[in-house]
Every structure is written in C-alpha cells, then in structure tokens.
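Contents: one structure, followed by commentary.
The values are calculated or read from the model by the stated rules, or taken from the named source; none is laboratory data. This is a predicted model, so every value here is computed, not measured. Neighbour counts are summed over all protein chains in view; Cβ atoms, including those assigned to glycine, are modelled from backbone coordinates with ideal geometry.
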Amino acid sequence: MELRHLRHFVALAEERSFTTAAQREHIVQSGLSTSIRALEKDVGALLFVRGTRPIRLTAEGEALVPSARRTLEAAAAARQTVQEVHGVLAGRLRIGALQSTGHTLPFASWLAEFSLAHPRVEIVVRFQAASEMLGRVIDGSLDIALAALIEDDPPGVDVVPLLAEPLMVACPAGHPLTRLPAARLDQLLDERFVEAPPEWSIRAVIDEAFASAGLQRQVAIEVNEWSMALDLIAAGAGIALVPQGLDFALHPRSTDTIQLVPLAGVQLERRVDLLLPSGHAATPAARRFAELVRSKVSSAASEPLAARPKG
C-alpha cells in the first residue's frame, strides 16, 4: 500500500469529485482513477460508489478514511522529525477557530509570530462551529483548534483552557432593559432574540440555561456572523446574549447604539480552549503552536491587571 494512493484516496473522499481531487493532487483524472483502483486492489474492497454525483464512499471507504488520515499524518510527522533535527519546522498547520476568537484573544498576533518564526510552515485557518471542531481534531482533518469546549475531558485530546468570559445581554441603546442594573432570564421572555446557529457552543450554553429554568424564548433571527448580529441589535430587531469580550469597536455602526446589561441569578460563560491531539498524535507544527499559545497566555496571566489590554 503506497502513501500516494492513500493521499489520493483522502483527497477524493474529501472533495467527492474526481476533477477537483485530481486538481488538488496535481495529477490527471486518469492517474487518480488508476491510483484509486490500485488501492482498492490492495485492500480487497471497493471504496467508492461509481456513477454518483457527488462521488459517495462505500461502507469500506468510510471505515478507511480515519486510518488513511492517521497514516498520512504519521508519515508527515516522521519527515518533520528528521527536519527538526536540523532545526527546521515545515509542513502544514490546519487551525480551526471560533469567529470571535480574534475579539477576545490576540489570535492574529499569535499567527503572525508563529508564521514569521517558521516560514516553511503553511498555515490554513478555518472559522468553524465549536461542535464541528472537536470532531475534526479527533479525526485528523484539523491539527489544532481554538474552540469553546462543550464536553469535559474528550478522549484523545489535550485541552488547554484559554479564557472564560461572562455572557451579557446586548440591547439597542435606550431599550427598557438598559435601565436595570442586571436582568434575569425570566425578564427576557417577551423579547425577540437574535441568535447564533444551534451548532455554536454559545447557543448550546444559552439553550441549556433557558431549558434548565423551564423558560422558552422567541428566536426571531438566526445568523452565523457576529457583525450581522450586532447590526440587527443596533437596528432594534432584537436582543442577544453575547460574550462580554466581543469587541464592539470592530463594528462602528454598533458602537454607540448597543448597550450591555449583566445577567442576574445565573452565571453563563463562553469558554475558549486550545484543542490538539494527545501525545505523538499531534503534528510537530501543532505542538509548537500550542507551546507558543501556552507561553502567551501564561505571560498575560502574570501581568498586573492595569497593564493588560482591554478587550
């Protein structure tokens, strides 16, 4: 079984198109087809259902995907281990991140520092829902992620807590709720909510809080982008529970038109954690990036409060 056959298989499994997968692997379609047939001969089973659009994996193909990814990653890690002897970090670093990571953590600064220190590492960042990122770190389609962890102690994953920030009620300026020192959940029931999608971790936290209190709210608008949510709140379309650290300065139209009100009677938090595969399953680049993030978070925690930048 050849590594290039496994690489071609993973490309086709992810792209679900011979044309796109061939372009990704920089080979002609006939070469990709030959490679897939050779792999099928090696494993003794058909891996794809031919004649479907998009291409579908057989049950055997679905079963092979995780192992194929791990094999390719182990080979890449072996090459990187040799290169590290010469002090060179290279390869690819696939990072998943929450959309609001840059508002509450200096994510771009970390990326820039890491990239300049390791110019041979190709960095790919994808902003994704937290519920997707944990699974993708586990199955190897992401090397590392900055995500809000929903379940505690997931197996096979190292978790580095980065921050936990309270949720607050974001209201249009002048809204009656802004006259309260703090708002209880039951005082929000007559309001229209601008909400994140169900797969976002912050939505899971909010849904659970209302369900635990036996309350049901009205979700009027659902959007998967914070800037749009803030604009809708500023326009009076509804209220939302948002992370305290959300940087309103990034949305000038909302800066003077939204007010935050603390919650009373319940403590809701949005967490951000660093997730990477445990032990040697993590790529060298992922381990090095995690070391950088750990050092930055540790340094920030040791700073006097007055010296820390405001988020």
Scan (1) surrounded by 15 or more Cβ atoms within 10 Å (Cβ to Cβ); (2) over 21 Å from GLN99 (Cβ atoms) for the single condition ALA182 breaks and write down its number.
(1)
Filter segment 237-256 down to residues that are part of a loop (DSSP other than H, G, I, E, B) and either hydrophobic (A, V, I, L, M, F, W, C) or under 21 Å from ARG271 (Cβ atoms) (or both) and give me whichever is modelled with the highest pLDDT.
ALA237
How many residues, within segment 5-43, are of a type in the set (D, E, K, R) and exposed (fewer than 15 other Cβ atoms within 10 Å of the Cβ)?
4
Test for LEU46: is it modelled with pLDDT of 90 or more and part of a loop (DSSP other than H, G, I, E, B):
yes
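I'd like to check something: does segment 52-71 contain any residue that is over 29 Å from the mean Cα position of the chain (by Cα), more than 21 Å from ASP139 (Cβ to Cβ), of a type in the set (D, E, K, R) and part of a loop (DSSP other than H, G, I, E, B)? Break it down stepwise before answering.
Step one: of segment 52-71, the residues over 29 Å from the mean Cα position of the chain (by Cα) are 52.
So of that shortlist, the ones also more than 21 Å from ASP139 (Cβ to Cβ) come out as 52.
Now narrow it down to the ones that are of a type in the set (D, E, K, R): none.
No: segment 52-71 contains no residue that is over 29 Å from the mean Cα position of the chain (by Cα), more than 21 Å from ASP139 (Cβ to Cβ), of a type in the set (D, E, K, R) and part of a loop (DSSP other than H, G, I, E, B).
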Residue pairs, Cβ under 6 Å, 6 or more apart or interchain, first in segment 28-46 and within 13 Å of HIS8 (Cβ to Cβ), second part of a loop (DSSP other than H, G, I, E, B). List them.
GLU40/LEU46; GLU40/LEU47; ASP42/MET1
Give segment 288-299 a look and list any residue that's in contact with a helix residue (DSSP H, G or I) (Cβ under 9 Å, 6 or more places away or on another chain) and within 21 Å of ALA77 (Cα to Cα), or say none.
ARG288, PHE289, LEU292, VAL293
Tell me which of these ILE55 doesn't satisfy, since it passes every other one: (1) closer than 13 Å to GLU2 by Cα; (2) surrounded by 13 or more Cβ atoms within 10 Å (Cβ to Cβ).
(1)
Given the conditions (1) within 24 Å of THR257 (Cβ to Cβ); (2) under 27 Å from the mean Cα position of the chain (by Cα); (3) modelled with pLDDT of 90 or more, and given that ASP190 satisfies all but one, which numbered condition is not satisfied?
(2)
Residues that are over 29 Å from SER278 (Cβ atoms), without any contact (Cβ under 8 Å) to a residue 12 or more places away in the chain and not assigned by TED's automatic domain parsing to the domain that holds ALA97, at least 3 per element: which helices (runs of 4 or more DSSP H) completely within segment 125-236 meet that?
201-212
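So is ARG270 of a type in the set (Lys, Arg), at pLDDT 90 or above and surrounded by 13 or more Cβ atoms within 10 Å (Cβ to Cβ) or not?
Values: of a type in the set (Lys, Arg): yes; at pLDDT 90 or above: no; surrounded by 13 or more Cβ atoms within 10 Å (Cβ to Cβ): yes.
So ARG270 fails the test.
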